[in-house]
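Right, one structure below, let's go through it.
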Amino acid sequence: MKYFGTDGIRGRVNSKHINGDMFFKFGLAAGKYFTNLRKKKQTAIIAKDTRLSGYTLEPALVSGLTSAGMHVFTMGPLPTNALAMLTKSMNANMGIMITASHNQFYDNGLKLFGPDGLKLSNKIENKIEKLIDQDIRKNLTFNNLLGRVKRLETGTNVYLKIIKKRINKKINLKRIKIVLDCANGAGYKAAPKLFKSLNAKIILIGDKPNGFNINKKCGSTYPELIQKTVIKHKANLGISFDGDADRIIMCDEKGSIIDGDQIIAAIALQWKRKKILKGGVVGTLMSNYGLEKFFKQNNIKFIRAKVGDKYVKELMQKNKFNLGGEQSGHIILGKYATTGDGLLVALEAVKALNGKIKASTFFNVFKKTPQILENIKCKKENVLNEPKVKKAIKSSKEIIKGQGRILVRKSGTEPVIRVMGESENINLLKKSIKTITDKLI
C-alpha cells in the first residue's frame, strides 16, 4: 500500500507523509470514509504518545476530521489499547492513536481503530488511501455540518477501571517489588497508577517524558535498563513497555530477559490448566521454533501469522483463539482486549506470580532455539528484488537446509531489512545470516 504499513502509518516527522499537510489529509479521508457509512453519531477519539511532534500533528488531524463532519474527543497521552477500549465503550465511529510505537522521537505516525476497537483491515485502509489521494474539495463537508472538538481528561481513569474489572478487581500485589520502565511514553501515567493502586512496591523509571526521550535508552527496546535496576533493588520482576505501551518485555529476579514468546508460553500453559484457553495460540513468522515445539508437546494448537499484531488478531478471530502475539512483546489477551496491551499482559503475569512463584520459574517453560536477528538499514526501496540479494537468500537457505530456517523481510515500521535465522548449529547459522547481510550492506 502507498501509506499504510504493517501497523498503521509511520515515518520521519516533516518527511513525505508525516507532516501537518498529510495529517490533515489523513483526517479528512478517514473522516469521509466513516461519515459515508451514514451512522447517526459521527465521533472520533484521538490519543497520542509523548513525542514533541504530537503537538504539531494532532491539530492538523483534528482539522481534517472536523472538516469531514466528525466530532472529535482528544484524550492526550494514553496507551494504544486504552484508545481502542475507549473507542468501543464510548460508541465512537473510530479511534486514532498518534504514535510511532517503539521508534525514536524523530518518527511519528498513526494507528487507526474501528468502532469495535479493532485495527482497520487492509481492505478499509485501501479505501481510505484512495480518499487521501482525491481532490480535497470532494471530501469537505458543508460549513454548517463541521464537527466540534472537546478535550477529555478522564481517559486514564476510565481505562484503568476497565482493565482492573476485566482481570480481577480484588487483586493485591503487596508482596511484589516491581521495576517499571514506562519508556517515557504513553503509559507514563497509567502504568504507575495501576500498580500503585494494587499495592505493589514500585521502582519507577522512564516516567519523565520531555518530548525527546521517548524510547531513548529505555523501554522494551532497551531492556538492559530493567536488568540492571532489578539486580540493584533486588526486585521480583522488571517490566518494560514501549512508546505507546502496547508491547512488553520483562526480566526475572536474576536479570534474565523474558521476551514475548516466553510470556505467551507461560500464559498459555496457565490458561490451559485453568481451562481458559480457547482453541490455541497464534504466533508469527518470527516466533521461536522452540515455542512451536513446546506447544506441540503440550497439545496446544499453534499457527503462525504474518508479522504485525493486526494479522495475529485476524487469525485469532478466524480460528476462534483467545491468545496470540509476537516475540517483540505485542501480546493480545483475547479474553480481555482487541489489541496488544502491555499493562494488561503485565497485570496477568504479575497476578500469576502473586509473590509466591519466582519469575525465573514461571516464565522458563521452554528451551529457545538459538536465533539471530540482524536489522540492516537500507535506503533502497526494492533491495530484496535485486538479483544479487535474491541469489544470496537462496544460497543462505541451501546452507542451513534441514538444520534450521531463514526469514528475510522488509520492516513495515522502519527503513530496515530484517534477517532472522534459527538453528542449533550456531556456526552454520552465522554463516547463513552473513551470506545475506553482506549483500545488503
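The values are calculated or read from the model by the stated rules, or taken from the named source; none is laboratory data. Not measured: the values here are computed from a predicted model. Please note: Cβ atoms are built from the backbone with ideal geometry, for glycine as well, and neighbour counts cover all protein chains shown. The protein model used for the area step is the full one, side chains on, heavy atoms only, and it has no ligands, DNA or RNA in it. Shrake-Rupley method; radii C 1.70, N 1.55, O 1.52, S 1.80 Å.
For the pair residue 438/residue 158, report the inter-label distance in nm, with labels modelled 7 Å from Cα in the Cβ direction.
Reported label-point gap for residue 438 and residue 158 is 5.8 nm.
Quick check: residue separation of residue 170 and residue 425 times 0.36 nm, minus the Cα distance between them. What number comes out in nm?
Residue separation times 0.36 nm, minus the Cα-Cα distance, leaves 87.0 nm.
Work out the length of the dipole vector of the chain about its Cα centre, built from +1 on the beta-carbon of each Lys and Arg and -1 on the beta-carbon of each Asp and Glu, and round it to the nearest 20 debye.
The dipole of the chain has a size of about 1140 debye.
How much net charge surrounds residue 428 when only other residues with a Cβ under 13 Å from its Cβ are counted (Lys, Arg +1; Asp, Glu -1)? Don't skip to the end; give the middle numbers.
Values: positive: 397, 401, 405, 430, 431, 434; negative: 398, 422, 424.
Surrounding charge for residue 428 is +3.
By accessible area of protein heavy atoms, probe 1.4 Å, what ranking do 148, 247 get, highest first? Spell out each step's value before the answer.
Values: 148 180, 247 30 Å².
Largest to smallest exposure gives the sequence 148, 247.
What is the packing order of peptides 333-340, 405-412, 429-436, taking the mean over residues of other C-beta atoms within 10 Å and listing the highest first? Can you show the working numbers first?
Values: 333-340: 22.2, 405-412: 18.0, 429-436: 20.5.
My ranking of the peptides, most packed first, is 333-340, 429-436, 405-412.
Just check segment 126-219 against the gyration tensor rule for me: Cα atoms, a ≥ b ≥ c as the square roots of the eigenvalues, rounded for a/c under 1.5, and otherwise prolate or oblate depending on whether a/b exceeds b/c. Don't jump to the answer; show the numbers that get you there.
Details: a/c = 3.10, a/b = 2.04, b/c = 1.52.
Since a/c reaches 1.5 and a/b is larger than b/c, the shape of segment 126-219 is classed as prolate.
Residues in segment 171-190, backbone N under 11 Å from the label point at residue 199 (7 Å along the Cα-to-beta-carbon vector): list them, ranges by number please.
171-176, by backbone N distance to the label point.
Could you derive backbone 3J(HN,Hα) for segment 222-239 from the dihedral phi with the Karplus parameters 6.51, -1.76 and 1.60 (θ = phi - 60°), listing whole Hz in sequence and x where the residue is Gly or Pro?
9, x, 4, 5, 6, 4, 5, 6, 4, 5, 4, 9, 6, 7, 7, 6, x, 10
Just the number please: accessible area per residue for segment 1-61, 1.4 Å probe, all protein chains included, in Å². All intermediate terms of the calculation are to be shown ahead of the outcome.
Working: 2670 Å² over 61 residues.
Heavy-atom accessible area per residue stands at 44 Å².
Could you tell me which of the pairs 228/380; 32/164; 410/431; 48/234 are separated by over 28 angstrom between their Cα atoms in the structure shown?
Details: 228/380 38 Å; 32/164 35 Å; 410/431 21 Å; 48/234 34 Å.
Beyond 28 Å: 228/380; 32/164; 48/234.
Using a 1.4 angstrom probe on heavy atoms only, work out the carbon and sulfur share of the accessible area of the chain in %.
51
For residue 381 and residue 217 in one chain, what is 0.36 nm times their gap in residues minus the Cα-Cα distance, to one decimal in nm?
That pair, residue 381 and residue 217, stretches by 56.2 nm at full extension.
Quick check for me: using +1 on Lys/Arg Cβ and -1 on Asp/Glu Cβ, what's the dipole size of segment 118-188 about its Cα centre, in debye to the nearest 20?
The calculation lands at about 740 debye.
Just one of (1) 20.9; (2) 24.6; (3) 26.4 is mean projected area of the Cα convex hull in nm² as worked out from the coordinates here. Which one is it?
From the options (1) 20.9; (2) 24.6; (3) 26.4, the structure gives (1).
Using the heavy atoms of the protein chains and a 1.4 angstrom probe, tell me the accessible area per residue for segment 320-441 in square angstrom.
49
A 31 angstrom limit on the alpha carbon distance is what I want to check against. Which of 111/196; 335/358; 165/358; 25/394; 127/320 exceed it?
25/394
State in Å² the accessible area per residue of segment 106-185; use a 1.4 Å probe, count heavy atoms of protein chains only, and round to the nearest integer.
57
Anything over 19 Å Cα to Cα? Flag those among 275/310; 275/351; 216/379, in the order listed.
Beyond 19 Å between Cα atoms: 275/310; 216/379.
Simple spin-label model, 7 Å along Cα-to-Cβ: residue 122 to residue 144 in nm?
It works out to 4.4 nm between the two label points.
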